Amino acid sequence: MINRDWKEIKAYAFCEQLTSAQWAWEFLRRNPGYQQEWQRFWQTWQALEAAYGKPPDRDFCAWKNDPRAWLPASECPDGECRIDEDKVLIECALGARWGFHKFPPDPEDDDPVGEGRLSWRPDKEEVLPVVENGSYADSPETMALVFDLSLPLRPQLEQARRQLQMETASRRRMGILKAKRVKTLKTHWVKLLRVLDALAAGEETRAVEEFGKDALEEALALTDRGYLDLLHIPA
């Protein structure tokens, strides 16, 4: 459990200098699912080390012949793990499921990103949304364009770029759109970390009273894959 007093704002002073990649870790490490999965992984890892040793004295051949060191490749469908006879190593599978490379960090680890022990996997390229029912029209942060795939794409993409730039400028002048930056969002993110830590401390009611139900829902969403969206936000 992350030992931080959510009621004390000074406990979050470290957040002042966090990068988007570090913010992503702060939310992931508070995800109960990740915490539980990491504990199960760590128990297995320690059992394997007890049986086969630690580097440089580890018996790698015996380790790789132990079924506990592997998971079915089906448990890592989108993780880009190296597959060996329809199975993947447990450490790769765990990291891939949660969106990062390297050895899965302990949720108690304060900064595996800054220390180079965790790096996020790049997002897969997303297709442009298709306007069907105008569901994007009411949001100041979104705009959906329709492309005619039967025509050359390059001029359409160039036109789309110009339209998006003009619409962005217009909405900013109107005051309905604010650019997302780590430096402008970090105070809000600190609040969300405090909400999660209050929840972990069994003080959900008090946290909702102080910060609101919307903050709780937003904080939980950031622990559930939402943390990966933070990686796109510039400093």
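The values are calculated or read from the model by the stated rules, or taken from the named source; none is laboratory data. Source: prediction; values computed, not measured. Counting neighbours? That spans all protein chains shown, and the Cβs are built from the backbone with ideal geometry, glycine included.
Out of the residues in region 184-223 that are among the acidic types (Asp, Glu), surrounded by fewer than 14 Cβ atoms within 10 Å (Cβ to Cβ) and under 20 Å from the mean Cα position of the chain (by Cα), state the one that is nearest to PHE100 (Cα to Cα).
In this case the residue turns out to be GLU217.
Within region 168-235, considering only helices (runs of 4 or more DSSP H) that don't extend past its boundaries, which have at least 3 residues that are basic (Lys, Arg) and under 20 Å from ALA13 (Cα atoms)?
On the way: elements: 182-200, 204-211, 213-223.
Answer list for region 168-235: 182-200.
Considering only region 3-31, state which residues are in a loop (DSSP other than H, G, I, E, B) and farther than 26 Å from GLU209 by Cβ.
At the first step, the residues of region 3-31 found to be in a loop (DSSP other than H, G, I, E, B) are 3-8, 18-19, 29-31.
LEU18, THR19 - these are the residues of region 3-31 that are in a loop (DSSP other than H, G, I, E, B) and farther than 26 Å from GLU209 by Cβ.
Suppose the filter is more than 18 Å from ARG225 (Cα to Cα) and at pLDDT below 90; does ARG173 pass it? Full working, then the answer.
Working: more than 18 Å from ARG225 (Cα to Cα): yes; at pLDDT below 90: yes.
Yes: the conditions hold for ARG173.
Which number in (1) under 23 Å from ALA221 (Cβ atoms); (2) touching a helix residue (DSSP H, G or I) at 6+ places or on another chain (Cβ under 9 Å); (3) in a helix (DSSP H, G or I) marks the one condition that GLN36 misses?
Single failed check for GLN36: (2).
Here is a yes/no grid of residues against (1) exposed (fewer than 13 other Cβ atoms within 10 Å of the Cβ); (2) more than 22 Å from the chain's Cα centre (by Cα):
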{"residue": "ARG29", "(1), (2)": "no, no"}
{"residue": "GLN39", "(1), (2)": "yes, no"}
{"residue": "GLU49", "(1), (2)": "no, yes"}
{"residue": "PHE60", "(1), (2)": "yes, yes"}
{"residue": "ASP66", "(1), (2)": "no, yes"}
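State whether one or more residues within region 43-51 are among the hydroxyl-bearing types (Ser, Thr, Tyr) and either farther than 17 Å from ASP109 by Cβ or not in a helix (DSSP H, G or I) (or both). Walk me through it before giving the result.
Going through region 43-51, the residues among the hydroxyl-bearing types (Ser, Thr, Tyr) turn out to be 44.
So of that shortlist, the ones also either farther than 17 Å from ASP109 by Cβ or not in a helix (DSSP H, G or I) (or both) come out as 44.
Yes, because at least one residue in region 43-51 is among the hydroxyl-bearing types (Ser, Thr, Tyr) and either farther than 17 Å from ASP109 by Cβ or not in a helix (DSSP H, G or I) (or both).
Need pairs with beta-carbon distance below 8 Å; first residue touching a residue at least 12 places away in the same chain (Cβ under 8 Å) and within 14 Å of GLY33 (Cα to Cα) and within region 212-235, second of a type outside the set (Val, Ile, Thr) and surrounded by fewer than 13 Cβ atoms within 10 Å (Cβ to Cβ); sequence gap 6+ or separate chains.
Hits for this filter: ASP224/GLY33.
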